[in-house]
Amino acid sequence: MKQLTKFILFYFFFANNLSAQTRSNPEKKIDSLFSTYNSKTAGVAVGVVKDGKLIFKKGYGTANLEYDIAITPKTIFNVGSVSKQFTTFSIYLLEKQGKISLDDDVRKYIPELPIYEKTITIKHLCSHTSGLKDQWSLLTLAGWRMDDVITHEQVMKIITKHKELNFAPGSQFKYSNSGFSLLTEIVKRVSGKSFSAFAKENIFDPLGMENTLIYDDNEKIVKNRAYSYGSEDGLYIKRNLNSSSIGPTNVYTTVEDLSKWTANFENPKVGDADFINHFNEKSTLDNGEPAILSVRDGETIYHAKGQFTRNYKGLNLYNHTGSDAGFKSYLGRFPDNKLSIILLSNDENFASYNAGLDIAEFYLSDQFKKRAPIAEPEKKAEEKPKYVPTKMLKDFEGQFQNTDLSSLFTLKVIDGKLTMTHSRLSDVVLTEVEKDKFTGLMTFAVEVTFERNKKGEMTGLNITNFGATKVKFIKLK
């Protein structure tokens, strides 16, 4: 009986001790976080860097579902918008070399750009304050699909042809990929080398990032790359990515190589401490106010050179996510704690931002401050009179053209619904929400507002989506 009692006590001691170890073991928590990924699913590669060393690296799920190739720390992913910090870093290297000034007029290097009412500077491009309409927004309105072959040359043409801005340069912050395409063109024209060659020579090679490249040719073979996937009716489907647009996206890399990139912020091999501090500074508007993305959980999120920075639960954080086709990524740095988290995924449903902060909790929970509950002010529901849609939908029919985009939309009532058609896009059913204002989905959510002359006749329409405000289309007679 005594032996049995001893065994039971030992068992409970062992089980409790094992449970405590599991709770305090961040590696096992990461395994648990990604336990649903397996040989039948897409997945994620994870890297955790502490004091400049990659202390955890592991792959979960499958890099290629057609050939059953597993994800490893050496798997190469498109990191989407995480690419932007490499683009701005390259610009800052040119500034350090004395070859450009951030206050230079962009047209000094790209004179084919339109002459705008106010000068756009290189600084504006780096900080999403240029007012340029977003390239993906414009391409969509021009009839492009996001899985089309999209080259840097084609992107440059659509940016340089479009004359209207969203707002006066330097007056607002609004996320725009277009500025980062222009930055790579500046690197090319100033350095005399392709952006790919410049980044390799000045960043990737010095840091030993042997499996990192700028994907500027959509026909290039990349060994060990992952392919991206979405899902439909519970089954995985391919998310084809044929873009070779560079600057805002298309850095291909691994968690192992990104660990070397994050280490450079702590012990610089490229640049020095002053350079890194300069690069990490918050972006500003022309009036000196900081460029703000949003306020989340009571904390202000600022922009800083292809990154976002905030005080997260009492700790300084620099991070950015990426999304392109089915690729998702997260790169987060807690500089004061010398901890970085890297997540690269080929699953379009992967919530990279949330997963990145979950992993941060595994390592920093004892240093995070608990947030006090944020009292939200009571919002009184505005009683708006219910809008009664017009029965005269045929008034909105016609052909509407934007010559800058070489794009023509035909609006027609089909089965009692106002429908927008384009020769290269799926039909868009519009829903009336206010007088002369409709909403719909054209790759991105859009708002369509019609214009009339003094006689009440339809003369044109404006389309607004996430990155382009009031793109004008004139009604053809």
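The values are calculated or read from the model by the stated rules, or taken from the named source; none is laboratory data. The model shown is predicted, which means the values in this text are computed figures rather than measured ones. Neighbour counts are summed over all protein chains in view; Cβ atoms, including those assigned to glycine, are modelled from backbone coordinates with ideal geometry.
Within the stretch 70-86, the set of residues being crowded, with 24+ Cβ neighbours inside 10 Å and part of a strand (DSSP E or B) comprises F77, N78. Within the stretch 81-126, the residues that satisfy the criterion of being touching a residue at least 24 places away in the same chain (Cβ under 8 Å) and in contact with a strand residue (DSSP E or B) (Cβ under 6 Å, 6 or more places away or on another chain) are S81, V82, S83, F86, T119. Every condition in (1) assigned to a helix (DSSP H, G or I); (2) touching an Asp or Glu at 6+ places or on another chain (Cβ under 8 Å) is met by E201 except one, and the failing one is (2).
The lone criterion from (1) closer than 24 Å to K470 by Cα; (2) buried (at least 17 other Cβ atoms within 10 Å of the Cβ) left unmet by F89 is number (1).
Contact map, the stretch 277-291: first residue in the same structural domain as G332 (by TED's automatic domain parsing) and part of a loop (DSSP other than H, G, I, E, B), second residue surrounded by 14 or more Cβ atoms within 10 Å (Cβ to Cβ) and at pLDDT below 95, Cβ cut-off under 8 Å, separation 6 or more or different chains; pairs are E281/K305; S283/K305. For I120, are the conditions met, namely being touching a Cys at 6+ places or on another chain (Cβ under 7 Å), closer than 16 Å to T184 by Cβ, surrounded by 21 or more Cβ atoms within 10 Å (Cβ to Cβ) and at pLDDT 95 or above? The answer is no for I120.
Of all the residues in the stretch 423-477, those that are loosely packed, with under 12 Cβ neighbours inside 10 Å, within 15 Å of D134 (Cβ to Cβ) and of a type outside the set (A, V, I, L, M, F, W, C) number 0. Limited to the stretch 312-351, what total is found for residues that are surrounded by fewer than 23 Cβ atoms within 10 Å (Cβ to Cβ) and under 23 Å from S244 (Cβ atoms)? Of the residues in the stretch 312-351, 4 are surrounded by fewer than 23 Cβ atoms within 10 Å (Cβ to Cβ) and under 23 Å from S244 (Cβ atoms).
The residues of the stretch 45-100 that are among the hydrophobic types (A, V, I, L, M, F, W, C) and farther than 30 Å from S35 by Cβ, listed by number, are F86, F89, I91, L93, L94, I100. Among the residues of the stretch 298-329, the ones that are touching a residue at least 40 places away in the same chain (Cβ under 8 Å), in contact with a helix residue (DSSP H, G or I) (Cβ under 6 Å, 6 or more places away or on another chain) and on the phi < 0 side of the Ramachandran plot come to 9 in all. The numbered conditions (1) in the same structural domain as T87 (by TED's automatic domain parsing); (2) crowded, with 21+ Cβ neighbours inside 10 Å; (3) in contact with a Gly (Cβ under 9 Å, 6 or more places away or on another chain) are all true for W136 except (1). Restricting attention to the stretch 1-55, the residues that are assigned to a helix (DSSP H, G or I), surrounded by fewer than 15 Cβ atoms within 10 Å (Cβ to Cβ) and either modelled with pLDDT under 95 or of a type in the set (D, E, K, R) (or both) total 26. Given the structure, is D274 within 29 Å of I55 (Cβ to Cβ), in contact (Cβ under 8 Å) with a residue 40 or more places away in the chain, of a type outside the set (G, A, S) and in the same structural domain as S90 (by TED's automatic domain parsing)? Criteria not met by D274.
Criterion applied to I246, I276, I292 was being surrounded by 14 or more Cβ atoms within 10 Å (Cβ to Cβ), aliphatic (A, V, I, L, M) and under 18 Å from T212 (Cβ atoms), and the one residue passing it is I246. Would you check which residues across the stretch 440-459 are closer than 21 Å to L408 by Cβ, under 32 Å from the mean Cα position of the chain (by Cα) and not in a loop (DSSP other than H, G, I, E, B) and list them? Residues satisfying the conditions are G440, L441, M442, F444, V446, E447, V448, T449, F450. Name every residue in the stretch 226-276 that is among the hydrophobic types (A, V, I, L, M, F, W, C), within 24 Å of I91 (Cβ to Cβ) and part of a loop (DSSP other than H, G, I, E, B), in order of residue number. Within the stretch 226-276, I246, V270 qualify.
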